[in-house]
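This report concerns only the one structure given below.
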Amino acid sequence: MEAVAEGLWGLADQHENQGEMGKAIKCLEAICQSQVSFLPIVEVKTRLRVATLLLKHSNNVNHAKAHLERAQLLLKSIPSCFELKCRAFSLLSQCYHLVGAIPSQKQTLNKGLELTATSGDGFTGRLWFCNFNSQIANALIIEGDYKGSITALEHGYICATEMCYQELQMFFATSILHVHLMQWSDVSLVEGAVKRCNMLWESFSPEKGQQCLGLLFYNEMLHIFYLLRVCDYKSAAQHVDRVDAAMKSDLERTQHIREIKKEIDSVNLSLSRPDLGYRDRSALSEKLRRLEEQLNSFTGVSSTGKESIEPAYFGNVKRAFGDKLELAPPPIDGEWLPKGAIYALVDLSVVVFSRPKGLFRECGKRIQSGIQTIQEELKKLGIDDVVKEVDLQHSAIWMAGVYLMLLMQFLENKVAVDLTRSEFVEAQMALVEMRNWYLRFPTILQACQSIIEMLRGQYAHAMGCYNEAAFHFVEASKMTESKSMKAMYQIYAAVAYICIDDAESSSNALDLIGPVYSIVDSFVGVREKTSVLFAYGLLLMRQDNLQEARLRLASGLQITHNFIGSLQLVSQYLTALGNLALALRDAGQAREILRSSLTLAKKLYDIPTQIWVLSNLTSLYQQLGEEGNEMENQEYQKRKVEDLQRRIGEASMSPHHFELIDKVKLEAHQLSELDIKRVTAGRSMNVDLDIPESVGLYTRAPMPASNRLMDLDFGRLGRHKN
């Protein structure tokens, strides 16, 4: 019977190499379903193979799970087979992960750890010990047990250190940093995790660093998240450049591999001709050999080589070879995100750094590229224009959540860019698209509810609807659990109230600014501080407390310039200070400041700020009696006002305009309790991408400085509990 099994295994290999997975699985299941008994070890190996194929090439997780549970029962009667037992535990754990059965997953992994403790001596046993600890850490994160997750990862790190295995050490060090960034309970712990990652990565040779591409992206992106959080934009920019260069290099390499494979297919087709002469066949065979060597140098395997028996660590969507950015060696084979998601995340990071500098053309290219990548990946998951959250297979929920969250962040950036450029109709469409995605996937995108509500406030403010703007900002602050986001939304609302310009609204603004100002030094980074200082400065100007306003605004400008680097926020700070200098009869300083502000506003295509600056310059020229400059300035200002009013008029005519500004908060149809549990159980530690964001708010007409709403350079996506 062993010969029969060998024959069926070989036939399954042949079908798999030809891409006929259904036939391959039928060959293997013939062994499992045979009325004649095979040796238990034969059936175990076969069932593991079937489960692997099902996980890699189908959504039939339950079928794979059934094969693995049967294999595990058979393995109990076999005294040895350490490797097979560990593989069965690992694959079964991943099945439980995909169906959301976290308690069963933890139980399986603990059995695996017990096995490594009793039978896992040597290098292989330690590798499996690391495998099980990495999976346990992920399961604990899903349950919100950050401390337990870090403990499991530390166990893996210690084991990797004892093995002197650099790549494995780096895998656990970066995973620990990731958990600390998610929890952020102690700044010193986060800094310690960052330093350890830096020390380990610096010990890698340049060649090894390039070979460990998955670790490179993971480490660099985690550093970007950390540095954005602490507002070290200068250092973060270096990491963004690094991942962007790595992505472009990998894209070139991937394209070269495709070309080689295409040529190999062409040569194979020619070799299949029965009438091919001996000389031609020899030449083509030699060419094929050279091409195979080239391919091997790029991929590490031949065109007929096989991937590891382990499935993708997260999700089970079929992907081409090379689509997986591995974080660790087999048997761990973990990945943070699929390559498509990593590439989209790199594009998003470039957008985050380009937008405050006014590099809108680059932003547009990257936003388009990122959204296109995400849409292609969503199609692979079966998500089209009509699929809703309840229609998703459980195994697709986690990956869908990753791509949908990325998509929402790209759309948020598009809204912000369009509002900056006064492209209000375009901003409308992007915001409506965000709303529609949220209504279809309300549980997966729950963290985006407050973001959308905040963006509705931004849009309303840009259209001059300040009461509506304040309403949406206040509602957004009620929807988020994040201390930081709540503070930012309250500041947005305060500035909207200031723009209303009456006694009651000024009182409301003070009520919102005061509590944030009193705890501003408790936040990580300085985003909240720069924002509240600007808002407080505007309020003090309203109250004619000009000297105090100047102190607050000057302090905020210095912090913004040193740490944030947003040209738009700098421009608006300068305009406010120029207005103050004008009010204080310091014409020389006012002229210098306002000209600098106008230069920045023009670079950003920021029409409202330009109008605000121009109105101040007109007042300055009136003070100085410069009639020629005054008339020229007024004419230019008039053209800008007419342009802005035309844009606002076009947006106001859209039916979406009233839907967006209407003082009704965004609410989605509530899923049943069972559906909610089903969706939330599919999440993992890596959904929370923590991409800090620039978000701008705008006014619609020339007005005093205190009426101008600023770009508050922080609109964080993802849920954080500071």
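When the residues K380, K147 are ordered by accessible surface, computed with a 1.4 Å probe over the protein chains alone, the sequence from largest down reads K147, K380.
Pairwise Cα separations in region 566-666 fall into 10 Å bins from 0 onward with the following percentages, short to long: 16, 37, 27, 15, 5, 0.
Straight-line reach from K195: which aspartates and glutamates fall under 17 Å, measuring Cα to Cα and dropping same-chain residues less than 8 apart? Within reach: E154, E167, D186, E220, D232.
Along the charge dipole of region 566-666, which of L594, Y621, A651 sits closest to the positive end, that is, farthest toward it, with unit charges on the beta carbon of Lys, Arg, Asp and Glu (+1, +1, -1, -1)? About the Cα centre, the residue reaching furthest to the positive side is A651.
Around I500, under 13 Å between beta carbons, what's the net of Lys plus Arg minus Asp minus Glu among the other residues? Result for the local shell: -3.
Once Rg and the Kirkwood radius are both taken over the C-alpha atoms of the chain, their ratio Rg/Rh works out to 1.05.
Site pair A283 and E481 shows an inter-label distance of 6.9 nm when each label is modelled 7 Å from Cα along Cα→Cβ.
Summing charges over all other residues whose Cβ lies under 13 Å from the Cβ of R435, with Lys and Arg as +1 and Asp and Glu as -1, gives -3. Counting only protein heavy atoms and using a 1.4 Å probe, the accessible area of W398 comes to about 10 Å².
Remark on region 474-525: Rg and Dmax equal 11.2, 34 Å (Cα only).
The residues packed around A283, meaning those with a beta-carbon under 12 Å from its beta-carbon, carry a net charge of +3 if Lys and Arg are +1 and Asp and Glu are -1.
Each Lys and Arg adds +1 at its Cβ and each Asp and Glu adds -1 at its Cβ; summed about the Cα centre, the chain shows a dipole of about 740 debye. The C-alpha atoms of the chain define a longest principal axis, and helix 21-32 lies at about 50 degrees to it. Here the extension length gained between S185 and V4 equals 59.3 nm, from 0.36 nm per residue of separation less the Cα-Cα distance.
For the chain, take the longest principal axis of its alpha carbons; what is the angle in degrees between that and the long axis of helix 449-462, to the nearest 10 within 0 to 90? Rounded to the nearest ten degrees, it is 30.
Looking at region 19-88, the trypsin sites (Lys or Arg not before Pro) that sit in a DSSP loop and have at most 13 other Cβ atoms within 10 Å of their own Cβ are K76. In plain terms, the chain from Q211 to S522 could stretch by 107.9 nm, reckoned as 0.36 nm per residue minus the Cα-Cα distance. Note on the chain: helix-only mean residue ellipticity at 222 nm, from DSSP H runs of 4+ residues weighted -39500 (n - 2.57) and normalised by residue number, equals -24000 deg cm²/dmol.
Of the listed pairs K56/K262; K324/K388; K262/K339; K483/K665; K85/K106; K208/K262, which have alpha-carbon separations greater than 18 Å here? The answer is K56/K262; K324/K388; K262/K339; K483/K665; K208/K262. For region 566-666, the Cβ-based charge dipole about the Cα centre amounts to some 280 debye (Lys, Arg positive; Asp, Glu negative; other atoms uncharged). Taking only alpha carbon atoms, region 159-312 gives an Rg to Rh ratio of 1.16, where Rh is the Kirkwood radius. Taking the charge dipole of the chain about its Cα centre, with +1 at Lys and Arg Cβ atoms and -1 at Asp and Glu Cβ atoms, the residue from I136, Q446, M221 reaching farthest to the positive side is I136. From the Cα gyration tensor of region 103-176, with a ≥ b ≥ c the square roots of its eigenvalues, which class applies: rounded if a/c is under 1.5, or else prolate if a/b is larger than b/c, or else oblate? It is oblate, given that a/c is not under 1.5 and a/b is not larger than b/c. Measuring only protein heavy atoms, the 1.4 Å probe finds C164 accessible over about 110 Å². Think of the chain as having a plus end and a minus end, set by charges on the Cβ of Lys, Arg, Asp and Glu; of T161, M631, G401, T161 sits farthest toward the positive end of this dipole. May I ask for log10 I(q)/I(0) of region 156-197 at q = 0.14 Å⁻¹, from a Debye sum over the Cα atoms as equal point scatterers with solvent left out? Debye output, listed in q order: -0.30. Accessible surface area normalised per residue over the chain is 41 Å², counting heavy atoms of protein chains with a 1.4 Å rolling probe. A straight Cα-to-Cα reach below 13 Å connects K248 with the aspartates and glutamates D347, residues fewer than 8 places away in its own chain not being considered. Sorting 275-282, 448-455, 560-567, 3-10 by average packing, meaning the other beta carbons within 10 Å per residue, from highest down gives 448-455, 560-567, 3-10, 275-282.
Less than 5 angstrom separates the built amide H of G464 from those of R700, all sequence-distant by 5 or more or on a different chain. Amide hydrogen proximity for E326: with H placed 1.01 Å from N in the peptide plane, the residues at 5 or more positions away or on another chain lying under 5 Å are G214.
In plain terms, the chain from L269 to N17 could stretch by 89.1 nm, reckoned as 0.36 nm per residue minus the Cα-Cα distance.
The values are calculated or read from the model by the stated rules, or taken from the named source; none is laboratory data. None of these values were measured; they are calculated from a predicted model. Don't worry about glycine lacking a Cβ; one is built from the backbone with ideal geometry, like all the others, and counts go over all protein chains shown. Keep in mind that these areas ignore ligands, DNA and RNA; they rest on the heavy atoms of the full protein, side chains included. Shrake-Rupley method; radii C 1.70, N 1.55, O 1.52, S 1.80 Å.
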